[in-house]
Every structure is written in C-alpha cells, then in structure tokens.
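A short worksheet on the structure shown next.
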Amino acid sequence: MAELRALVAVKRVIDFAVKIRVKPDKSGVVTDGVKHSMNPFCEIAVEEAVRLKEKKLVKEVIAVSCGPSQCQETIRTALAMGADRGIHVEVPGSQAESLGPLQVARVLAKLAEKEKVDLVFLGKQAIDDDCNQTGQMTAGLLDWPQGTFASQVTLEGDKIKVEREIDGGLETLRLKLPSVVTADLRLNEPRYATLPNIMKAKKKKIEVIKPGDLGVDLTSKVSVISVEEPPQRLAGVKVETTEDLVAKLKEVGRI
Amino acid sequence: MSGGGLVSRAAAAVAAATTAVRASQVPRVFAVTHRPLHTSLQSRSFAKELFLGNIKQKGVFPFPEISQDELSEINQFVGPVERFFTEEVDSRKIDQEGKIPVDTLEKLKSLGLFGIQVPEEYGGLGLSNTMYARLGEIISLDGSITVTLAAHQAIGLKGIILVGNEEQKAKYLPKLASGEHIAAFCLTEPASGSDAASIQTRATLSEDKKYFVLNGSKVWITNGGLASIFTVFAKTEVVDSDGSIKDKITAFIVERDFGGVTNGKPEEKLGIRGSNTCEVHFENTRVPVENVLGEVGGGFKVAMNILNSGRFSMGSAVAGMLKKLIELTAEYACTRKQFNRNLSEFGLIQEKFALMAQKAYVMESMTYLTAGMLDQPGFPDCSIEAAMVKVFSSEAAWQCVSEALQILGGSGYMKDYPYERFLRDSRILLIFEGTNEILRLFIALTGLQHAGRILTARIKDFKRGDVTTVMETIGRKLRDSLGRTVDLGLSGNLGVVHPSLGDSANKLEENVYYFGRTVETLLLRFGKTIVEEQLVLKRVANILINLYGMTAVLSRASRSIRTGLPNHDHEILLANMFCVEAYFQNLFSLSQLDKFAPENMDDHIKKVSQQILEKRAYICAHPLDRTS
C-alpha cells in the first residue's frame, strides 16, 4: 500500500552491562577490548521500523551508522533484525572522537534527502553520552516536524500520530510526513537477532561512504578537556531523632 | 679418540638390542581383539605420533586460525545468545522444577540453536566445529539446556548427518534443525553401559524383507520423553564374509509414529535436573529398511563415530562455565573481609583463582586446537584428541567448581547461591559420553596399537637390513648413550614456539621423547596382555593428556605473543605454570611405569582390592579390638 521509506540511525556504544573505567590519562573511558553493542534505544527504533515494514506500511528500512569500521557489526545486527540494507558512513577512529550530535545530524539530514526517505527513526539518546540532541537537530536541519520520546507510533496515511512521554504524562501529536521520530523505552520490546536471521543478513548490502561524499563538514567546536569518575559515595549516618538530624545538617552546612 | 671404536661400540649395542628384540619379537598387538576399540581409518593423528616420540607439527603449530569473516560471524552470533541466556533463562527455576519451560525451548528453537551443525541446505546453520564450540561456551551457562541441546544435535541427529543417505537427510533434518522434532540417542541398556557392544535390543528382518521389527529397552535416554526421532542401536543377524551368521549392531532412525515406542517417567537426577532422562521401550516397532543408518551390521562404528564427533565440545562448554565462575567468585573475594583484610589477599584463596584460570586456559586451548584440526578438509581422525579434551575438562570442572564453592565458604553450600547447582550439574561430565575410565583405556590402547604396528614394521625393516632404518637406529642409540639433549624442533631460533616459552618447550620435548621410549619398553614387556593392565594404561593416558595440554598451550600462547593479543604476558604465565606442573607429573608417571620402580604400588593395589572384594567389606580388625 504505502511506498514509504524509513531511515534508522544506530549507534555502537559500550554494552550497558560493562563496568566503565576511566583511562588513566583522563582523556576518556577505556574502550579497547571492551564489549560493545547497539545502543538500546536504537534497537527500539529499529524494531519499530521493522514492525511497520511487517505491517506493510513501510516499504524499505535503511540502517545507517557513523563511525569506524566496527560500526558495520551494529549495522549487521539491524539487518538481522529486519532492515533491508545498510549505509556505513566511514569515519576513522581518530576523527570519531569528535563526532557529536551536530555532526551526526548533518550526515543524517543529507542522507535523508539523498535517499528520499519519509521517516527518520532514532533512539532518544545514546547511553554513553546521554546527549538527547541528534534527533532534534536532524529535524531542525531538515526543517521537518519531530516526535521525540515516542511511546507509541501510528501511521495514518500521509501523517504520523506520535504519543510522547513527557514530564506531565502523555502528549499526542499528529505530524505531517516526512518527519523525525525518536524512540523511548516503552515504545516496544526489540526482538532477538536469531542466528538464522543473522545468516540471512549476510546477503544484505552495506554501502560504505565517506562524510565528504555527502558534503558534510565534521569539525567540532566542542573538545573534551577531561573525563573523571564521579566522587565516591560516602556512607550515610543514621540519627535517632529529628533534633539530631537538624543538628547534623547544620554541622555540614546544609542548612 | 678413534671414530672406528665408537662406531663398533654402537654397533655392538645395536646388535645386543636386536638380539633382545628377536628373542621377544615386538608382537602384533591386537591383530584382532575381542572388542576392537578403533573405528575409523588409521591415520597419523597428532596424538598417535606422540606414542612414537614424535611431535607432528602440521595442524598444531601454528595454532589454528579462522578467517576474519568467520570471526565476525561468530561474534555476531555470540551477542544474541549471550543476551538470551543472561536475561531470559532462569536456571534456578529450571533446576527446582525439574524441567525447561516450554517458551524457553521455543525461544531456543527460534534462535536457531537446535540445528547448529545441520547443513544450511537442510535448514540448519551449518556451522563449523570451531563455531559450535564457541556457542557452547555460552549455552553452558545452564547445564540442563546444554545437555538437552547436545543430546538432540551432538548425538541424537548426528548419525543422519554423518552416515545418512540423501533421502534420510532430506526427510528428517529440516524438522530436526528447526526444533519441530527433537532427537534422542538410544544406545545404553540396563545391562550395557560402557560395554556398548553387548546390547540386547534386537531388530529382526521381516519375511518380506521390507522392514525390521524392533524389540528392547533402553535406559538413561536424554530427551527420551520429548523426542519424536530416535537413533536406535540394535543387534541384527548378519551373514559374515565366511558365510556364518553373526550378531552385529545396526543403527536405525526410528520415529515415535512407527508405533510401539513408549517412555518411562523422568528420572530424578542429582544434577542437570531440567533435562529429561528416561527409559525408552520398543515393542514390536516396525522400522522400514530405508531407515537403516549406514550399513546393516555397521552400527557399532556409527555409534563410535557419532560419540567421537561431539566429544571435544565439552572443553569449551566447561571453559565458559569456569570463566563465569571466576567472575562471580572474584567479586566475592575482593569485597568480603575477614581478619580485616579482603579474602583476595590470602594465598590459599589466590591459589584457587590461579587454578581456575589455568584449567580454563588449558581447556580452551585444547578444545580449539582439536576443533581446528577437525575443521580441516578430509575426515581427520581426532578421536584420541577429543577423548583427551573430554577427560581433562570433566575432571577440571569437578575440581574447580568445588574450589569455587569453597571460596564462598558456608554460603557456597547454600541453595541461595548457584555454586551447589554448578557442582551437581558438573558431576555427570565424568560419567556420560564415555566414562573417563573407558576413555583413558581408549586413549592409551589406540595409541599403543598404532605404535605397536609402526614398531613391528620398523623391526622388520631393520632385520631385513633396510639401510635407512639401520642408520636411524644406530644413530639414535649412539645419541642416547652420549646423553643427548632432545630437540624436536619446538624451541630455539628455528622453533615454532616463541622464545619466551622456550623452557617449557624443552620440557615438552623431553617428556615426549622419554614417553616414546617408554612406550617401546611397555610393548616389549607386556605385548598383547597390556590390554589387561589398566593401571599402566591409566598412567599412559594421563601422560598423554598432559602432553596434549602442554602442546596446546604452547601453540596458543606462541600465537598470542606473535599476533600481539592483549594480555599475552598473562598467557605466558599460565602456559609456563601448566607446563612445569605437567612436566613433573609426567616424570613421576613415567618412573612409575618402570618395571621395578619403588613408586609403583600396583601389586599392592591389586592385592588390597582382591582381599576387600573377596569379603565385600573392609577387613581390618577394629583399632580398639583385643585378641582375648
């Protein structure tokens, strides 16, 4: 029925179960030999796109990732979950450090136009930097409407109904396509990439391009000065009465 | 120093040796034993060559590698499987309830884990042995699931892949790969466990020769209650080449739908309680002749090939479990304080971690070395290597899980923690898939048989005056008498082992050389009767297992250093540690094998056990007793 096409952006991050350690030179966290996987919110985004395809509302799902060669593993997972083909925007390791939301948004915006998609799906934020900016910036650069923190998505012809989780509760928006949607936790439960599907995904194509091919400038005006561990949490102190509590709080200068 | 004198002395030594040999000719050991233990083509496998004091480097050095593509493929597979097992498998519940929940089984099927080695054209994943071993590391997080999957694919349906014809493969494999049908392996009977050739289940050919009628009972069958396809072994009457009628074993593919197939109630087990183990009875079950697996009368070989092909994967499964245990116990040891210090600061606790890490390292190395050999083209015979992996890893599992539990102390004993379940689940490893006792005999005898054959041929050549053999023998005896240092090409500038492991490589070479010499001596001393000398055979097997372990770690560590893998310094420590320990163990075993060795208590052992078993009780007088 629909000839809609969707672009899903996925990010390769350190696995959520890993204990993060800061590098001794404080320039960042240890990534060598550490387990990486697809950002959980990106998985939810891929799942939603694939479900729309299974409902025959979307014709093609394209998975894209920006970064060094290992990103292809993440794209392959998206393909195993049901995406049709992948695009790897290759950014060598050294430059990848400076890849922030603005740079990625520029890439996604150019790709969305080039591939003529109607929907761009992303996870609401990445669990390594917690920026929560890429989706919004992409929509801004494209001048498309955006539905962020989506907990439910329904396609209605040439419009998309997005239920959003906001501080006050749930807000429902109706957006004209094309639009950008970012996925929140309760949107869906992503499927496992089964081993037979992983094998089938091997036959799907991943196109490798450079940011320069899209005419995107990756320079960043942000530089990381240092990365440190949060201060150690000290043990609390139990007090017997309210008077003691007030006295203690005064003692540490809180009141 | 006159060169002539030296040569004539050597010649005299050789002449003396020849006379001795001629006197008690190295016999053709096991020309035909009552129950032949070898089942595949005689090929020069690595382990067999060790019996001749040779280290066959091909396929072993350098450590087998897989392509980058295969590696990224395996890593892709590992992710979802690991996630499934950590998030959705409740091992405690499976153990308590004694079964695997239906939707866990369904998810395992959809993940594709029921057809890992079934070829792609029949709907499976068609993965290599190496990949299968890698997945085994994760699946072993739950013992019951491991055994259920292994019984289904490593033995239950393996026969169809190995010896099935096209029709059988096309008919049965697709539904087995998807998990729609589950398979079971039916060999063991109440009166036939280790002595598999003595089974009594019978299959009689019908009058019209179109089907067999199957009757008998099988016991301890994993998946017996779940399976719809059974690989069954039964005795059939076969007309031998000389015209006489003999009873030989035939393998059959039996469908539950053929009728007459019933199973008993699930057995209550010590461990792997989630797996289904029960009796399976066949009463006048009609099996079409098309369902004969392999050849009529060739069933024993089929059974041995099936068992040999899956055995090596126990190593990676246990390694996976040990790595998990190290994580769990390390967490505890580094946070629990006694005497105002963390447990991790105490030597006796540290020793346990070193043990677990070392065993895991050796096990991994042996498994992936064996898997790499098995994945070579052709049909390499790695049955001894696989058996060694099984024996080593099952015993290391039992030992290490016990130590891990010990680290937790009292808590380790409580059901609140998983250690007691790991302990109970691992006890079976020493029993099934061939008891370690039988496998030790198999390892020793197969190698001795190979050595015996080669040595007999060499003696013949020597006596015929074959120049090469004569020169080799003289040369060897000369070097031995001059106290040679053994050099089998492992160490030194041209060696395949990295220099930082040079010392261990020397120890391995020395052990291998003296092992080869000892094998000759044993064959000379015992001849055919060596089949009965189980205590001797046990030592031979133990030495061999150590040698294989040493080879595996040296090969792997050399590769890690040369490739520059992270933490290769730690690997050097582990490799050297194991090699030193194994070296001295081997020296002790080798000295025990000496005929008049004081360390050899075999006669005592035999006498003691005879006296006990005669009275079927402990016979010593009580220490408090008096005479009147």
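Things to note:
- Within the range B:195-230, being closer than 15 Å to residue B:303 by Cβ and of a type in the set (D, E, K, R) holds for B:195, B:218.
- Residue within the range A:191-201 that is within 30 Å of residue B:116 (Cα to Cα), open to solvent by 60 Å² or more (accessible area, probe 1.4 Å) and out of contact with any Ser or Thr (no Cβ under 6 Å at 6 or more places or on another chain) present: yes
- Residue B:494 being within 26 Å of residue B:451 (Cα to Cα) and either open to solvent by 30 Å² or more (accessible area, probe 1.4 Å) or modelled with pLDDT under 90 (or both): no
- Residue B:64 surrounded by 12 or more Cβ atoms within 10 Å (Cβ to Cβ), modelled with pLDDT of 90 or more and part of a loop (DSSP other than H, G, I, E, B): yes
- Single condition residue B:110 does not satisfy, out of (1) within 13 Å of another protein chain (Cβ to nearest Cβ); (2) in contact with a Leu (Cβ under 8 Å, 6 or more places away or on another chain): (2)
- Matching entry among B:162, B:176 (being open to solvent by 60 Å² or more (accessible area, probe 1.4 Å), under 15 Å from residue B:126 (Cα atoms) and either assigned to a helix (DSSP H, G or I) or of a type in the set (D, E, K, R) (or both)): B:162
- Matching residues, the range B:71-90, being open to solvent by less than 60 Å² (accessible area, probe 1.4 Å) and either part of a helix (DSSP H, G or I) or not assigned by the TED database to the domain that holds residue B:143 (or both): B:72, B:73, B:74, B:76, B:77, B:78, B:79, B:80, B:81, B:82, B:84, B:85
- Beta carbons closer than 8 Å, at least 6 apart along the sequence or on distinct chains, pair a first residue in the range A:20-33 that is within 14 Å of chain B (Cβ to nearest Cβ) with a second that is of a type in the set (Val, Ile, Thr) for A:30/A:20; A:30/A:22; A:31/A:14.
Residue by residue, here is whether (1) over 25 Å from residue A:189 (Cβ atoms); (2) β-branched (Val, Ile, Thr) holds:
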residue	(1), (2)
A:18	no, yes
A:27	yes, no
A:30	yes, yes
A:34	yes, yes
A:44	no, yes
A:55	no, no
A:70	yes, no
A:89	yes, yes
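- All conditions in (1) open to solvent by 30 Å² or more (accessible area, probe 1.4 Å); (2) assigned by the TED database to the domain that holds residue B:526 hold for residue B:455, with the sole exception of (1).
- Of all residues in the range A:202-218 being within 14 Å of chain B (Cβ to nearest Cβ) and open to solvent by 70 Å² or more (accessible area, probe 1.4 Å), the one that is farthest from residue B:80 (Cα to Cα): A:203
- Filtering B:391, B:401 for residues that are surrounded by 23 or more Cβ atoms within 10 Å (Cβ to Cβ), β-branched (Val, Ile, Thr), within 12 Å of the chain's Cα centre (by Cα) and modelled with pLDDT of 95 or more leaves a single hit, B:391.
- The set of residues in the range B:573-601 that are of a type in the set (Phe, Trp, Tyr) and either open to solvent by less than 20 Å² (accessible area, probe 1.4 Å) or at pLDDT below 90 (or both) comprises B:578, B:596.
Per-residue answers, yes or no, for (1) touching a residue at least 12 places away in the same chain (Cβ under 8 Å); (2) touching a Lys or Arg at 6+ places or on another chain (Cβ under 7 Å); (3) in the same structural domain as residue B:440 (by the TED database); (4) open to solvent by 20 Å² or more (accessible area, probe 1.4 Å):
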{"position": "B:281", "(1), (2), (3), (4)": "yes, no, no, yes"}
{"position": "B:293", "(1), (2), (3), (4)": "yes, no, no, no"}
{"position": "B:318", "(1), (2), (3), (4)": "yes, no, no, no"}
{"position": "B:327", "(1), (2), (3), (4)": "no, no, no, yes"}
{"position": "B:354", "(1), (2), (3), (4)": "yes, no, no, yes"}
{"position": "B:360", "(1), (2), (3), (4)": "yes, yes, no, no"}
{"position": "B:364", "(1), (2), (3), (4)": "yes, no, no, yes"}
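- Looking only at the range A:55-107, and only at residues there that are assigned to a helix (DSSP H, G or I) and in contact with a Cys (Cβ under 7 Å, 6 or more places away or on another chain), the one that is surrounded by the fewest Cβ atoms within 10 Å (Cβ to Cβ): A:101
- Given (1) on the phi > 0 side of the Ramachandran plot; (2) open to solvent by 40 Å² or more (accessible area, probe 1.4 Å), number of the condition residue B:434 does not satisfy: (2)
- Test result for residue B:385, in a helix (DSSP H, G or I), within 30 Å of residue B:71 (Cα to Cα), out of contact with any Cys (no Cβ under 9 Å at 6 or more places or on another chain) and open to solvent by less than 40 Å² (accessible area, probe 1.4 Å): yes
- When residue A:154 is tested against (1) surrounded by 18 or more Cβ atoms within 10 Å (Cβ to Cβ); (2) of a type in the set (Val, Ile, Thr); (3) closer than 20 Å to residue A:51 by Cα, only condition (1) is not met.
- Screening the candidates B:137, B:88, B:120 for the property of being in contact with a Lys or Arg (Cβ under 9 Å, 6 or more places away or on another chain) and within 12 Å of chain A (Cβ to nearest Cβ) yields one hit, B:88.
- Candidate set from the range B:238-252 (those that are part of a loop (DSSP other than H, G, I, E, B) and open to solvent by 80 Å² or more (accessible area, probe 1.4 Å)); member that is farthest from residue B:289 (Cα to Cα): B:242
- Close contacts from the range B:603-615, counting a first residue that is within 16 Å of residue B:533 (Cβ to Cβ) and a second that is open to solvent by less than 100 Å² (accessible area, probe 1.4 Å), with Cβ to Cβ under 7 Å and a gap of 6+ residues or different chains, come to B:605/B:535.
- Tabulated pairs, the range B:60-81, first without any contact (Cβ under 8 Å) to a residue 40 or more places away in the chain and within 14 Å of chain A (Cβ to nearest Cβ), second assigned to a helix (DSSP H, G or I) and open to solvent by less than 40 Å² (accessible area, probe 1.4 Å), C-beta under 7 angstrom, 6+ apart or interchain: B:76/A:198; B:80/B:111
- Annotation: residue A:224 fulfils all but one of (1) out of contact with any helix residue (DSSP H, G or I) (no Cβ under 7 Å at 6 or more places or on another chain); (2) open to solvent by less than 100 Å² (accessible area, probe 1.4 Å); (3) of a type in the set (Val, Ile, Thr); the unmet one is (2).
- In the range B:91-107, the qualifying residues are those that are more than 14 Å from chain A (Cβ to nearest Cβ) and among the acidic types (Asp, Glu), and the one that is least open to solvent (accessible area, probe 1.4 Å) is B:95.
- Only one of B:352, B:359, B:415, B:390 that is on the phi < 0 side of the Ramachandran plot and outside any helix (DSSP H, G or I): B:415
- The range B:571-584 residues that are part of a helix (DSSP H, G or I), paired with ones that are among the β-branched types (Val, Ile, Thr) (beta carbon under 6 Å, 6 or more apart): B:575/B:553; B:578/B:362; B:578/B:553
The values are calculated or read from the model by the stated rules, or taken from the named source; none is laboratory data. Only a predicted model underlies this, so the values are computations on that prediction, with no experimental measurement involved. In this analysis, Cβ positions are derived from the backbone assuming ideal geometry, glycine residues included, and neighbour counts consider all displayed protein chains. Accessible surface is based on the protein model in full, side chains and every heavy atom, while ligands, DNA and RNA are left aside. Shrake-Rupley method; radii C 1.70, N 1.55, O 1.52, S 1.80 Å.
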